[in-house]
1. Of all the stretches in the chain, which is the longest one without any exposed loop site, taking GluC sites (Glu not before Pro) in a DSSP loop (any state but H, G, I, E, B) with at most 16 other Cβ atoms within 10 Å?
2. Spelling out what I want: for every residue of the range 105-120, take phi, set θ = phi - 60°, compute 6.51 cos²θ - 1.76 cosθ + 1.60 (Karplus), and round to whole Hz; glycine and proline get x.
3. If I fit a long axis through the Cα atoms of helix 85-97 and take the longest principal axis of the Cα atoms of the chain, what angle between them do I get, 0 to 90°, rounded to 10?
4. Sorting C233, C307 on the 10 Å Cβ count, fewest up front, what's the list?
5. Considering every Cα-Cα pair within the range 182-263, what fraction, in whole percent, is farther apart than 21 Å?
6. Please go through the residue pairs K58/K241; K47/K278; K113/K239; K239/K304; K58/K304 and name each one whose alpha carbons sit more than 23 Å apart in this structure.
7. Taking square-rooted eigenvalues a ≥ b ≥ c of the alpha carbon gyration tensor, is the range 191-325 rounded, prolate or oblate, where a/c under 1.5 means rounded and, failing that, a/b exceeding b/c means prolate?
8. What is the order of R20, R253, fewest Cβ neighbours within 10 Å to most?
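Just so you know, all these numbers are worked out from the coordinates, no wet-lab data involved. Owing to the predicted nature of the structure, the values given are computational and were not obtained by experimental measurement. Note that we place each Cβ from the backbone using ideal geometry, even for glycine, and neighbour counts take in every protein chain shown.
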Amino acid sequence: MSETTVLPVTAEQFAEAHGRVARHAHRTPLLTCSTLSRESGFDVRLKAELFQRTGSYKLRGPLNKLALLTEEERHRGVVCSSAGNHAQGVALAAAIYGIPAVVVMAENATPSKIEATRGYGAEVVLSGTIWDEANETAQALAEERGLTPVHPFDDLELIAGQGTVGLEIVQDWPEVDVVVVPIGGGGLISGVSLAVKSLRPDARIVGVESAGAPAMQRSVREGRLVTLDEVDCAIDGLKVKRVGEVTYGVVSRYVDEIVALPDPEIFDAVVWTLHHAKVLVEGAAAAPVAALLHGLVDAPPGAKVACVLSGGNVNLDQLRGLRWN
Ligand SMILES: Cc1ncc(COP(=O)(O)O)c(C=O)c1O
């Protein structure tokens, strides 16, 4: 990337977003992991967003987005549809700012996730059995009640908040050469790639998808936004049929490489990370570790590689029986 490229979110805007986010979010550590360094041949650090409030990075985007609403929008409230980490991120950010929040979840959502979202004070509406149906209800509620929708990934203000993960990596490790990031809809990697490149234009960004849902890899390869006919992926967060228009645009310009692995290799990396780094990450967050363990990250020996461990909200029933679906 040339020094003169104008980024859709500038270094100054990331610094402002960080000011808003850092008031309420934890500064998560950048852990060393000597076993992963040895196995991969790189100098590896792990950005531990599993220690973030709500258990994932998904609080950061809503903290930035909701802070930028007008008084009237705040008064009316926000709505999102999600059965996972986005629900909790929006619910907590809204509670922090005193904004009413409605979260639409599918009727078969995990009871503990429904409870966690209610626990942050959001109104939970159960609708449909898959995300698309819940999303239709969320759109209808937005119109009926004048609520502002908070998209899980395709929104530049949200992306600027998620990108504060990348800003902190560069602040804590200015020499970083490569940052490895999981991809679902592409919001996290869009923010991280823009934030890192705003400060370190030569750093490389590598995205990791499930091979059963390679919506971003296919879109970038084909040069158009592809909707997958079907997805064969059991990992919350990586299971996406179609990425966003904004995220596709950012990723195709600023992400250097996208790799993909089958779910079983990603799940093995959950257990590997628990064993060797002593932290419990969810499937999506283990994808960068899996990519390193399988030699999919191309960098010179000894390169300084940061992996984003994006969250730790594991379904314990799966872990107990080591059953993944
Ligand atoms: C823990 C975790 N990691 C990564 C992702 C993927 O993020 P994005 O959809 O912004 O690409 C998600 C999305 O839900 C997630 O929950």
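1. The reported range is 4-106.
2. 10, 5, 4, 9, 4, 4, x, 5, 6, 4, 4, 4, 5, 4, x, 7
3. Approximately 60 degrees, to the nearest ten.
4. Ordered from fewest to most neighbouring Cβ atoms within 10 Å, C233, C307 come out as C233, C307.
5. Tail fraction, whole percent: 21.
6. From the list (K58/K241; K47/K278; K113/K239; K239/K304; K58/K304), the Cα-Cα distance tops 23 Å for K239/K304; K58/K304.
7. oblate
8. Listed from fewest to most nearby Cβ atoms, that is R253, R20.
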